Amino acid sequence: MTLLTFGLSHHTAPTAMREKLAFTDSDVADALHRLRALPGISEAAILSTCNRTEITAVADDGDHRRFIEWWARERGVACGNWCERVYWHADLSSVVHSLRVASGLDSMVIGEPQILGQVKHSYECAREAGTLGPILGRFFQHSFAVAKIVRSRTQVGASPVSVAYAAVQMASRIFADFKHQTALVVGAGETATLLARHLRKRDIGRLVIANRSLDRARQLAAELGGMAVPLNDLMLYLADADLVVSSTASRDVLLSRELVQQAIRKRRRKPVLMIDLAVPRDIDPAVAELEDVYLYGVDELHSVIADNLKARAAAAEQGEAIVENHAQEFMRWLESRDSATTIRALRSAGRGHRDVVLARARQRLAAGQPAEDVLVYLADTLSNRLMHAPSSALRHADAVEQALLLSAAHKLFDLPDQPE
């Protein structure tokens, strides 16, 4: 059994590549069912965010090829150079990686809190799809607990730093004063909500929230004193926006070059800042070619994020130590689970030998053989049966394997040390 995690993230692949391999919520359940249908896959979960898409599975082996082929089929993308950018983690490495992700230590902005909510969402999707089992179920709960410990015992999340916060920081480099600006936030999910709250704290002049679910947009607008509009009416408000930030789960581009160009004409060359936090992207990259438009994506936030990383370096080191310790703790549980299975099998085999030999001993007693002879038969036959498999394994092992087995045999059977 192998605990395997593989995927693409901002560390290994650019946005254009990640968006082709990303999963939306509507994709996940069917994809999980098809993944678990592969031979030897017993449990699976998918985490897909703007910065990463990764899959965690419990498998009989770590055969990379079949997982890559499954992923390519799911996303309708041919196996190409993206395959070489996929990272792979197994067992302890998988545990350490996943705990780092849940704790925000592997995020673009170290310590950002949104990732824990996204990991919890991944857990819920897998649970509803029925692809969780005892190992991943325990694994996710362990991840949630460790993430809380890292945040409570270190200062890794002390500052209000996130991708959303970094986007507002970037906007502040262009707008000295937000009070006279209009912001159009496209989406009402976790990242968009956090961004809208940051804008309100900066006293944004006018806040418009466009979302496919108008009820959700209205809830957020009511909280922040903004205006809610349906996504279909996006173009009616685009020309008024000085700042456009988009973060939705749409698989299609929402703002094409042509639509933005029309809005720019209405603005009479008044510049607009556009920040696309979505993967796949909501804003056509060709928009960057237009005059008076400044377009940034998640990858361009690195410069803003780099300044924030320095303040969190020491706290991140403390978090890494916590993760290492708790990863070992989970592996001990996993190994004890494997040993418990072996112990049960060993005891079952012993009882099987006992039952066979006891039945024959009773037959001998029934046939009139002396009880003392039957007891000797029972003891000799049972001990020979129990010792046959380990003795045979020792005799037929090669030199290296025999040395390991001899050491294990002395420990398992509490044998005295041989005289030199």
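Any read-out appearing in this document is the output of simple, stated calculations on the displayed coordinates, not a laboratory observation. On a predicted model such as this, the values are computed, not experimentally measured, just so you know. FYI the Cβ positions are ideal-geometry reconstructions off the backbone, even for glycines, and counts take in every protein chain you see.
What does the C-alpha gyration tensor say about the overall shape of segment 163-303? Classify as rounded when a/c is under 1.5, otherwise prolate if a/b is larger than b/c, or oblate. It is rounded, given that a/c, with a ≥ b ≥ c, falls under 1.5. Each of ASP417, ASP240, ASP60 was scored by other Cβ atoms within 10 Å of its Cβ. Listed from fewest to most, they are ASP417, ASP60, ASP240. Spatially close Lys pairs in the chain, defined by Cα atoms under 26 Å apart and a spacing of eight or more places or different chains, total 8. Amide hydrogen proximity for ASN211: with H placed 1.01 Å from N in the peptide plane, the residues at 5 or more positions away or on another chain lying under 5 Å are GLY187, VAL229, LEU231.
Sorting TRP88, TRP70, TRP333 by the number of Cβ atoms found within 10 Å of their own Cβ, with the fewest placed first, yields TRP333, TRP88, TRP70.
Ellipticity at 222 nm from helices only: DSSP H runs of n ≥ 4 in the chain, each -39500 (n - 2.57), divided by the residue count, give -18500 deg cm²/dmol.
Expressed to the nearest 5 percent, the antiparallel share of DSSP beta bridges inside the chain is 45 percent. Relative protection proxy for 102-111, 116-125, 227-236, from highest mean packing down: 102-111, 116-125, 227-236 (other beta-carbon atoms within 10 angstrom). What separates the Cα centres of segment 222-278 and segment 135-206 is a distance of 20 Å. Under 5 Å between amide hydrogens, built in the peptide plane, is the criterion, and for MET274 it picks out VAL244, TYR294, LEU295, TYR296 among residues at least 5 positions away or on other chains. Backbone geometry of segment 82-95 corresponds, through the Karplus equation with coefficients 6.51, -1.76 and 1.60 at θ = phi - 60°, to 3J(HN,Hα) couplings of 5, 4, 6, 8, 6, 8, 10, 9, 10, 6, 4, 4, 5, 5 Hz, x marking Gly and Pro. Using 0.36 nm per residue of separation minus the Cα-Cα distance, give me the extension gain between MET387 and ALA345 in nm, one decimal. So the chain would gain 13.6 nm between MET387 and ALA345. Listed from fewest to most Cβ neighbours within 10 Å, the set GLU329, GLU84 follows the order GLU84, GLU329.
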